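Just below is one structure, and these are the notes that go with it.
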């Protein structure tokens, strides 16, 4: 399946999640930046509040698209030991990349959340949405960060994913929904006709629009 764009992908994804429509405990968490346009459409279709969970990939130096791990709020850091061993990446390199990405993570948290109080996920059904899963590193970090806040249910929802990644993450959450799991996979962007970079400004605009649509932004 080839998706026209992230908006269209989100609309298709929402059709797979109708069981969660109009449920008062549901919260949609989009992973920035590319996951936010997808999550916006899901939140709108399910009549659920939209929030954002800042995560950052730890890219292999000179091959930043390849994740050797990821970080998320609450001090979460996960590492892909297979990639690290395969690429012979030293602890010093990992530490250097992590420091740089932690700065960017803090910047994005401030931009997206500002002075608003932290969300309360305790006892809620949290649906984690991204535009796709390749290695799944950032989604894995998101799961760990959310688990720390003791939600009732964690659901992963993406338009497209590598089948092996879906299988690996399936055991870590209550449900995983992937509209398409093409094989071979190659990359997320390959399965979109239009796959531009999303800016911080676009993320902010969608969050504001979601709030105006009646979705209680950063609902507790």
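The values are calculated or read from the model by the stated rules, or taken from the named source; none is laboratory data. Because the structure is predicted, anything quoted here is derived from the model rather than measured. Backbone-built Cβ (ideal geometry, glycine too); neighbour counts: all protein chains shown.
Descriptive notes on the structure:
- Qualifying residue in segment 9-19 (condition: part of a loop (DSSP other than H, G, I, E, B) and surrounded by fewer than 23 Cβ atoms within 10 Å (Cβ to Cβ)): yes
- Filtering segment 104-134 to residues that are touching a helix residue (DSSP H, G or I) at 6+ places or on another chain (Cβ under 9 Å) and more than 19 Å from residue 197 (Cα to Cα) leaves 119, 121, 125, 126, 127, 128.
- Positions within segment 62-95 being surrounded by 15 or more Cβ atoms within 10 Å (Cβ to Cβ) and assigned to a helix (DSSP H, G or I), in sequence order: 83, 84, 93, 94
- Test: residue in segment 31-48 that is part of a strand (DSSP E or B) and either surrounded by fewer than 24 Cβ atoms within 10 Å (Cβ to Cβ) or in contact (Cβ under 8 Å) with a residue 24 or more places away in the chain (or both): no
- Residue match in segment 78-89 (condition: within 19 Å of residue 204 (Cβ to Cβ) and in contact (Cβ under 8 Å) with a residue 24 or more places away in the chain): no
- Verdict on residue 190 being at pLDDT 95 or above, in contact with a strand residue (DSSP E or B) (Cβ under 8 Å, 6 or more places away or on another chain), assigned to a helix (DSSP H, G or I) and closer than 14 Å to residue 132 by Cα: no
- Segment 96-112, residues that are crowded, with 18+ Cβ neighbours inside 10 Å and farther than 17 Å from residue 145 by Cβ: 97
- Just so you know, in segment 181-209 the residues that are in contact (Cβ under 8 Å) with a residue 24 or more places away in the chain and in contact with a helix residue (DSSP H, G or I) (Cβ under 6 Å, 6 or more places away or on another chain) include one that is farthest from residue 36 (Cα to Cα), and it is 195.
- Filter pass, residue 143 being surrounded by 15 or more Cβ atoms within 10 Å (Cβ to Cβ), assigned to a strand (DSSP E or B) and either under 16 Å from the mean Cα position of the chain (by Cα) or at pLDDT below 95 (or both): no
- Yes/no for residue 199 being more than 23 Å from residue 19 (Cα to Cα) and crowded, with 20+ Cβ neighbours inside 10 Å: no
- Residues of segment 152-166 that turn out to be in contact with a strand residue (DSSP E or B) (Cβ under 9 Å, 6 or more places away or on another chain) and without any contact (Cβ under 8 Å) to a residue 40 or more places away in the chain, as a count: 8
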